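I have a structure here, written as structure tokens, and I will follow up with some questions on it.
The values are calculated or read from the model by the stated rules, or taken from the named source; none is laboratory data. All values reported here derive from a predicted model rather than from experimental measurement. Because the Cβ atoms are built from the backbone with ideal geometry, glycine has one as well, and the counts that use them run over all protein chains shown.
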Amino acid sequence: MVSLVDRNARRRRVHARIRKRLRGTAARPRLAVFRSLRHIYAQVIDDDAQRTLASASTVGAGFSEYGGNVAAATKVGEMIAERLREAGVAQVVFDRGGHNFKGRVRAVAEAVQRAGLLPPTRERRAREEAAAAGKPGKARKAK
């Protein structure tokens with residue numbers, strides 16, 4: 001008999017594995033992202049002091065459109081970056097919450113990267129270096 005996979009339990013196991021390595025400090029707090037089918041949530045946590053420094057979500061005030069798409073996730077990333085600048089935070093550690101790093105989770109991360117609070121991913125760094133060297137990157141291959 002084929003057993004059914006409990007996706008949420010799997011995500012929690014992956015998140016626990018990630019959290020073994022990640023820890024938010026006062027100098028570099030943890031940006032935790034959670035996504036549901038309809039909304040996306042981001043909060044910045046100082047694990048040493050056990051307090052939330054800033055949060056943003058598609059449920060909160062100032063957000064009227066549908067929260068289950070990449071455009072909404074990008075807006076949440078921009079909102080959290082703005083709130084972090086107001087709080088005086090210079091850099092964060094990204095916690096993807098056990099979700100795959102693609103789609104809405106990636107959109108939040110890239111919005112925070114554009115604000116300068118996260119270092120770029122290896123893939124993005126390679127694309128930027130290739131563009132600076134004048135080589136066609138992965139996105140713009142010559143046909």
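Please identify the pairs in which a residue from segment 88-109 that is within 15 Å of E123 (Cα to Cα) has its Cβ atom under 8 Å from the Cβ atom of a residue that is among the charged types (D, E, K, R), counting only partners at least 6 apart or on another chain.
Partner pairs satisfying both residue conditions: A109/R96.
Right, here's the next one. How many residues are touching a Ser or Thr at 6+ places or on another chain (Cβ under 8 Å) and modelled with pLDDT under 90 if we restrict to segment 1-46?
Result for segment 1-46: 0.
Now for a different question. Can you tell me which residue among R106, R127, R96 is within 26 Å of G24 (Cα to Cα) and out of contact with any strand residue (DSSP E or B) (no Cβ under 7 Å at 6 or more places or on another chain)?
Values: R127 fails: within 26 Å of G24 (Cα to Cα); R96 fails: out of contact with any strand residue (DSSP E or B) (no Cβ under 7 Å at 6 or more places or on another chain).
None of the others qualify; the one that does is R106.
Looking only at segment 73-99, count how many residues are crowded, with 18+ Cβ neighbours inside 10 Å and polar (S, T, N, Q).
Summing the residues that are crowded, with 18+ Cβ neighbours inside 10 Å and polar (S, T, N, Q) in segment 73-99 gives 1.
So for segment 119-135 (the condition being in a loop (DSSP other than H, G, I, E, B), within 20 Å of D46 (Cα to Cα) and modelled with pLDDT of 90 or more), does at least one residue qualify?
The answer is no; no qualifying residue exists.
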